[in-house]
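First up is the structure itself, then whatever we jot down about it.
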Amino acid sequence: MDVLKIATAGSVDDGKSTLIGRLLYDTKSLTDDKLEAIKKSSEKKGYDYLDFSLATDGLVAEREQGITIDVAHIYFSTPRKSYIIADTPGHIEYTRNMVTGASTSQVALILIDARKGVIEQTYRHFFINNLLRIKEVIVVVNKMDLVDYAEEVFEDIKANFEKLNTNSTYDEQNVSYVPVSALNGDNVANKSEAMSWYDGETVLERLEKIDSVTSNDIDFVRFPIQSVIRPKTEQFHDFRGFTGKIYGGSLKIGDEITVLPSLTKSKIKEIYFYDKVFDRASPGSSVTITLEDEVNVTRGDMLVKNDQLPIVNKEISATVCWMDNKQLRAGSKYFVQHNTNRVLSKISAVKNTITTDFSGSRPSEGKLDLNEIGEIDIKLSKPIFYDSFVANKANGSFILIDEQTNATAGVGFIN
């Protein structure tokens, strides 16, 4: 079944958690005990409605304050598709959490309160989705019930967001708009009788039509080696396979490949999905591959097609979202984790800090603070084989790891 990954974005009280809870309720994805707990909690608070935000806010602090603090992953499905939703916080101080939740998503739901319209946080959320090159963006204008389901309110917000959309640097990005009342269920999974003027799709109808494969940029195939399989059993005495996940394009038996960094050439002999052999493996598949020749391949290496070589270099320029309380400064040393390859590196320059309202950048003074986004230069102790993030998202991204604490300090996108 097709699996679609979704990230939510919105300011405080825009109704992200309520929208997700409504989706779960309308698709009958809430368990009986969870639904009963929501009913009891809503009654205890004196509500005359079901508080669907309780379906997602798992932390005690989230339930007490009525806000989202950490990233929560919610799973539900319809007869046509399975969904994974990353419910991310909207506060500026949780920018790192939002980047984390959106980094693997194919669709973004950006919520806007119909009473407030496009605000500063909307700029920030759209900027991050633009930075992460999320192809499908659904602008959900929520709380239409609080503006009497007025068409002119929706159209005014849509026009203002279209002005914001002119700043986008991602031409292939698709932006659609849906007016909803998450609390009452209008245009979430079911058509709204109160908004007969809207003849577009509901949120669920739009999600059902998005293909998770075409929503990603398909480009050159990359196969980072995770491990080498040597069973040494009687049945597989001489077996030597290489496991990993395929990014970009597909691989098939007979493809001529190059092993990086050695530049050794061979051909694909077999492709295994666990214990079954297939002729072809599609993007996103985790497989074991054998080669026709006995070549030296180890963890951290990469298989690519002969005519699709990536860039190999010891220096990179990247945009980074900083996630550590300790400042990022020029001269600092970190491990760069790029796919399965971990390389010691030095930050050679922190060039500027990028403003998340599309107004440009400002001098960084050689440092980045927690939740700031900036442009940096990195020198590596040995070459890595990469693409720009624009060309191949998986092979153009990395994380920075503190060599002392082993904590993930930042996430980067190669320019």
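Only one entry of 212, 181 meets the criterion of being hydroxyl-bearing (Ser, Thr, Tyr) and modelled with pLDDT under 95, and that entry is 212.
Among the residues of the stretch 157-166, is there at least one that is touching a residue at least 60 places away in the same chain (Cβ under 8 Å), touching a helix residue (DSSP H, G or I) at 6+ places or on another chain (Cβ under 8 Å) and either surrounded by fewer than 22 Cβ atoms within 10 Å (Cβ to Cβ) or under 29 Å from residue 369 (Cβ atoms) (or both)? Yes: one or more hits.
Which of the strands (runs of 3 or more DSSP E) contained wholly in the stretch 242-307 include at least 1 residues that are touching a residue at least 24 places away in the same chain (Cβ under 8 Å) and aromatic (Phe, Trp, Tyr)? Don't jump to the end; show me each part of the working.
Details: elements: 256-260, 264-273, 276-278, 286-291, 302-305.
Where strands (runs of 3 or more DSSP E) fall fully within the stretch 242-307 and carry at least 1 residues being touching a residue at least 24 places away in the same chain (Cβ under 8 Å) and aromatic (Phe, Trp, Tyr), they are 264-273.
Against the test of being of a type in the set (Val, Ile, Thr) and either touching a Gly at 6+ places or on another chain (Cβ under 6 Å) or over 26 Å from residue 211 (Cβ atoms) (or both), the options 8, 27, 31 yield a single qualifying residue, 31.
Selection of first residues in the stretch 391-406 that are over 15 Å from residue 317 (Cα atoms) and of second residues that are outside any loop (DSSP other than H, G, I, E, B) and of a type in the set (Lys, Arg), restricted to Cβ pairs under 8 Å at least 6 apart or on distinct chains, gives the following pairs, ordered by first then second residue: 392/222; 394/222; 401/342; 403/333.
Sort out which residues of the stretch 326-363 are in a loop (DSSP other than H, G, I, E, B) and either among the polar types (S, T, N, Q) or within 21 Å of the chain's Cα centre (by Cα) (or both), and write them in order of number. Spell out how you get there, then give the answer.
Going through the stretch 326-363, the residues in a loop (DSSP other than H, G, I, E, B) turn out to be 326-327, 330-332, 339-340, 355-360.
327, 332, 339, 340, 355, 356, 357, 358, 359 - these are the residues of the stretch 326-363 that are in a loop (DSSP other than H, G, I, E, B) and either among the polar types (S, T, N, Q) or within 21 Å of the chain's Cα centre (by Cα) (or both).
Conditions (1) in contact with a His (Cβ under 8 Å, 6 or more places away or on another chain); (2) at pLDDT below 80; (3) under 16 Å from residue 15 (Cα atoms), marked per residue:
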site: 36; (1), (2), (3): no, no, no
site: 40; (1), (2), (3): no, no, no
site: 46; (1), (2), (3): no, yes, no
site: 53; (1), (2), (3): no, yes, yes
site: 57; (1), (2), (3): no, yes, yes
site: 62; (1), (2), (3): no, yes, yes
site: 65; (1), (2), (3): no, yes, yes
site: 70; (1), (2), (3): no, yes, yes
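The values are calculated or read from the model by the stated rules, or taken from the named source; none is laboratory data. Being a predicted model, the structure only gives us computed values, none of them experimental. Virtual Cβ from ideal backbone geometry, glycine too; neighbours counted across all protein chains shown.
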